[in-house]
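Trainee: I'd like to ask you about the structure that follows.
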């Protein structure tokens with residue numbers, strides 16, 4: 001949930017679960033996704049396989065953040081969109097670890113790189129890289 005709070009504040013516009021999951025995945029596996037210099041969670045051969053469960057975990061994290069009044073949710077024509085509120089921003093101010101700082105730096109780069117992409121295009125980007133990784 002804390003990564004989602006950092007991500008939503010960094011992106012600074014409402015996002016649906018698909019976009020959140022994709023951007024968070026790229027932030028964590030930035031090198032594997034050919035966007036950042038390193039993978040925040042280290043190098044391993046199973047990175048892309050984690051993406052299949054990421055959406056479920058992000059959904060639960062977003063629900064928890066809404067329940068705890070850290071994120072706002074709105075029903076849009078494209079489904080539910082989440083954005084950070086003042087209480088969530090206050091939580092982020094307390095996250096001053098090296099990990100949190102590295103995540104935010106990566107999130108800024110990832111958001112800039114994919115800001116013009118649709119949700120589907122980001123998911124396709126990850127899928128294409130996953131397929132290439134499996135091919136060797």
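Trainee: Restricting the search to the range 63-83, which residues are crowded, with 17+ Cβ neighbours inside 10 Å and closer than 15 Å to residue 19 by Cα?
Mentor: Correct list: 81, 82.
Trainee: Say whether the condition of being in a helix (DSSP H, G or I) and either in contact with a helix residue (DSSP H, G or I) (Cβ under 7 Å, 6 or more places away or on another chain) or exposed (fewer than 11 other Cβ atoms within 10 Å of the Cβ) (or both) is met by at least one residue in the range 34-44. Working first, answer last.
Mentor: Of the range 34-44, the ones in a helix (DSSP H, G or I) are none.
No, every residue in the range 34-44 fails to be in a helix (DSSP H, G or I) and either in contact with a helix residue (DSSP H, G or I) (Cβ under 7 Å, 6 or more places away or on another chain) or exposed (fewer than 11 other Cβ atoms within 10 Å of the Cβ) (or both).
Trainee: Continuing with this model, one more query. May I ask you to list pairs of residues, at least six apart or on different chains, whose Cβ atoms are under 6 Å apart, with the first in the range 73-102 being at pLDDT below 95 and the second being part of a loop (DSSP other than H, G, I, E, B)?
Mentor: From the range 73-102, the pairs are 79/16.
Trainee: Tell me whether the range 48-55 contains one or more residues that are surrounded by 12 or more Cβ atoms within 10 Å (Cβ to Cβ) and in a loop (DSSP other than H, G, I, E, B).
Mentor: Going residue by residue through the range 48-55, those that are surrounded by 12 or more Cβ atoms within 10 Å (Cβ to Cβ) are 48-51, 54-55.
Those left that are additionally in a loop (DSSP other than H, G, I, E, B): none.
The answer is no, given that none of the residues of the range 48-55 is surrounded by 12 or more Cβ atoms within 10 Å (Cβ to Cβ) and in a loop (DSSP other than H, G, I, E, B).
Trainee: Suppose we filter the range 89-136 for residues that are within 25 Å of residue 79 (Cβ to Cβ) and not in a helix (DSSP H, G or I); how many remain?
Mentor: Number satisfying all stated conditions: 4.
Trainee: Let me ask you something else. Restricting to the range 63-79, count the residues that are over 16 Å from the mean Cα position of the chain (by Cα) and part of a strand (DSSP E or B).
Mentor: Number of matching residues: 6.
The values are calculated or read from the model by the stated rules, or taken from the named source; none is laboratory data. All figures in this text were calculated on a predicted structure; none of them were measured in a lab. Glycine gets a Cβ as well: all are built from the backbone with ideal geometry, and neighbour counts include every protein chain shown.
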